[in-house]
Amino acid sequence: MTVPFLDIQAMHSEVRGDLDAAWHEVTRTGSFVGGPLVDRFEEEWARYCSARFAVGVANGTDALGLTLEALGIGPGDEVIVPANTFIATAAAVSRVGATPVFVDVSPDTLLITADHVRAAITPRTAAVMVVHLYGQPADLTEIGAVAGSAGIAVIEDAAQAHGARWQGQRVGAIGNAGCFSFYPGKNLGALGDGGAVVTNDEDLARRVRSLGNHGRGSSKYLHEAAGTNSRLDALQAGLLSAKLGRLDAWNDGRRRAAESYRARLEDVPVRLLAVDPRAESVHHLHVVQSPYRDQLLEALNEAKVGCGIHYPVPCHLQEAFGDVGTARLPVCEGAAGELLSLPMWPQITDQEIDEVTAQIRSALDQIREVPADA
Ligand SMILES: *Cc1c(COP(=O)(O)O)cnc(C)c1O
C-alpha cells in the first residue's frame, strides 16, 4: 500500500465547487491584486485569529521580513531565533540587516522556551521569533513575560500553526504580530504562494501594508518609505476564503490522526513530542525521533511510505549562517539526526496509519536484529 507524505487533493476534493466559484468570482470582479476578495479574506482571517487586523502579503517569508522592518528592526539589532526551524525564519532577520541569535530548544517539544530567550538577551536584542513548529504553540505566556520585561518584541512565526491555540487563544496575535504562510502544503494553503501578518497593533498593521505596497500611504503616487511589492493576489485570497470554512474540521482530522499514531506507536521504540496541556496543536507535521532515523527513512521509502525530515540541518549549521558564530546547540544538533516526519493530512485513514506504523515496526525489528557493529 502506497501512503503519500501529504495528500492535498483530499482536501481540495471537499471544496472543489467553492474553489471553482472563487476563480469565476475573480474573473467577474476584474480585481486581481488587492480589491474586494483580498479585503474579505483579510477580514475573515483576522476574525479567525481573534486579531484586530490581518494584512495579506505575498508569502510567509515576506510576512516575517515586513514585520521586522515595520517594527524598525535592522542593522545593529539582534533577533533571537530557535535553530530548529525552517530557514526562512532566520533568513528574514538577515534580510533586514539584523543578526539572528540562534538558541536551542526544549528536548520535549523541540520548541523555543522562555529560558532560552532569557539567556540570549543582550542590550542589542530587539525581538524574538517564537516559532510554533510542527503546529505546536510555544509558551507565549512565559516568553511574553520575559520579552515584556526586556522591552523586546514578540514575533510569532505561525507558518505551521494555523488555528493552534495557546491557553485557549488562537496563536498569531498573542505576541506583537503573527506571521502566516499559505504555501500549498500548510494547514491552510493557497493554490500558489501567499501569506499574512496578523496583529492588534493598528499602526504596525498600517506599516506592514504600506511596506508591502511600495511604501504607499493613502495616495497611489506618494511613497512614505522605499517599500517593496509583496501583496496577496485576489485569486489566492478567494481560494483561501473557499478553504477557510473547512480549516477547523481539517485540524480536527489532523488531531484524530495524531491520536491514532500515538495509540499505535505506544509500544514502538520511537520518541513522540511531548504534549503541553496548555497547547492545542494543529499537527502540521507528525514528528517522531529515533536513533535509527536514516535506516527507518530508507525502509519507509522502500515500502512507498512518504516521509520527510524537518529539519536535517539546524539553521546555525547552515552555510548561510556560517559567519554568525553560534555556540553548540546540543538539543537541535542531536535532534537533527533523529527527526522523522510521518505522513499527515486531515483525511489520512486509520488503515493508512496502520500501514505506516506496521512498516516502522518491521523496519525497527530488522534493524535491531543486526548488531550495530555488524
Ligand atoms: C513555510 C514556512 C515559512 C515560510 O513561508 P513561505 O510562504 O514559504 O515563504 C516560514 N517559517 C516557517 C516555520 C515555515 O514553515
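The values are calculated or read from the model by the stated rules, or taken from the named source; none is laboratory data. Note that the coordinates shown come from a computational prediction; the quantities given were computed from them, not determined experimentally. Every residue, glycine among them, receives a Cβ derived from its backbone with ideal geometry; neighbour counts consider all protein chains shown. With ligands, DNA and RNA removed, areas are computed over all heavy atoms of the protein, side chains included. Shrake-Rupley method; radii C 1.70, N 1.55, O 1.52, S 1.80 Å.
Dividing the summed -39500 (n - 2.57) terms of all DSSP H runs of n ≥ 4 by the residue count of the chain sets its mean residue ellipticity at 222 nm at -12000 deg cm²/dmol. Rounded to the nearest 10 degrees, the angle from helix 293-302 to the longest Cα principal axis of the chain is 90 degrees. Using the Karplus relation 6.51 cos²θ - 1.76 cosθ + 1.60 with θ = phi - 60°, the per-residue 3J(HN,Hα) values for region 12-18 come to 5, 5, 6, 10, 3, x, 5 Hz, with x marking Gly and Pro. In this entry, region 125-187 is assigned a mean projected area of 4.0 nm², taken as a quarter of its C-alpha convex hull surface. Measuring only protein heavy atoms, the 1.4 Å probe finds Arg165 accessible over about 70 Å².
Provide the three semi-axes, in whole Å and in decreasing order, of the ellipsoid equivalent to region 120-161 as defined by the square roots of 5 times the Cα gyration tensor eigenvalues.
After diagonalising the Cα gyration tensor, the semi-axes are 20, 10, 7 Å.
Here the 3J(HN,Hα) profile of region 349-360, calculated from phi with Karplus coefficients 6.51, -1.76 and 1.60 at θ = phi - 60°, is 8, 5, 5, 5, 5, 4, 4, 4, 6, 5, 5, 5 Hz, Gly and Pro shown as x. Both the radius of gyration and Dmax for region 215-258 are 18.0, 51 Å, in that order, over alpha-carbon atoms.
Taking a quarter of the surface of the Cα convex hull of region 240-341 gives a mean projected area of 9.6 nm². Taking all protein chains as shown and a probe of 1.4 angstrom, Glu302 keeps an accessible surface of around 140 Å². Between Ser50 and Val324, the contour length at 0.36 nm per residue exceeds the Cα-Cα span by 95.0 nm. When only the Cβ of Lys, Arg, Asp and Glu is charged (+1, +1, -1, -1), the dipole of region 215-374 relative to its Cα centre reaches about 800 debye.
In this view, the solvent-accessible surface of Phe86, computed with a 1.4 Å probe and all protein chains in place, comes to about 100 Å².
Here the gap between Ile309 and Thr349, fully extended at 0.36 nm per residue and compared with their Cα-Cα distance, gives a gain of 12.2 nm.
Across all C-alpha atoms in the chain, the radius of gyration and Dmax reach 20.9, 72 Å. In plain terms, the chain from Gln167 to Arg40 could stretch by 42.9 nm, reckoned as 0.36 nm per residue minus the Cα-Cα distance.
Assuming R0 = 51 Å, can you tell me the calculated FRET efficiency for the pair Gln295 and Lys220, based on Cβ-Cβ distance, to the nearest 0.05?
0.30
These residues, Val26, Val275, go from largest to smallest accessible area, 1.4 Å probe, as Val275, Val26. Summing Cβ point charges (Lys, Arg +1; Asp, Glu -1) relative to the Cα centre of the chain gives a dipole of roughly 940 debye. Mean separation of Cα pairs under 8 Å and 6 or more residues apart, divided by the residue count, gives the chain a relative contact order of 23 percent. Note on Ala145 and Val275: with the Förster distance fixed at 22 Å, the Cβ-Cβ geometry gives a FRET efficiency of about 0.50. Taking the C-alpha atoms only, the angle from helix 247-264 to the longest principal axis of the chain is near 20 degrees. Across region 127-141, computed HN-Hα scalar couplings (Karplus, 6.51 cos²θ - 1.76 cosθ + 1.60, θ = phi - 60°) run 6, 10, 8, 8, 9, 8, 6, 6, x, 8, x, 7, 6, 6, 5 Hz from first to last residue, x flagging Gly and Pro. Over all pairs of different C-alpha atoms in region 1-112, the reciprocal of the mean inverse distance, the Kirkwood hydrodynamic radius, equals 17.6 Å.
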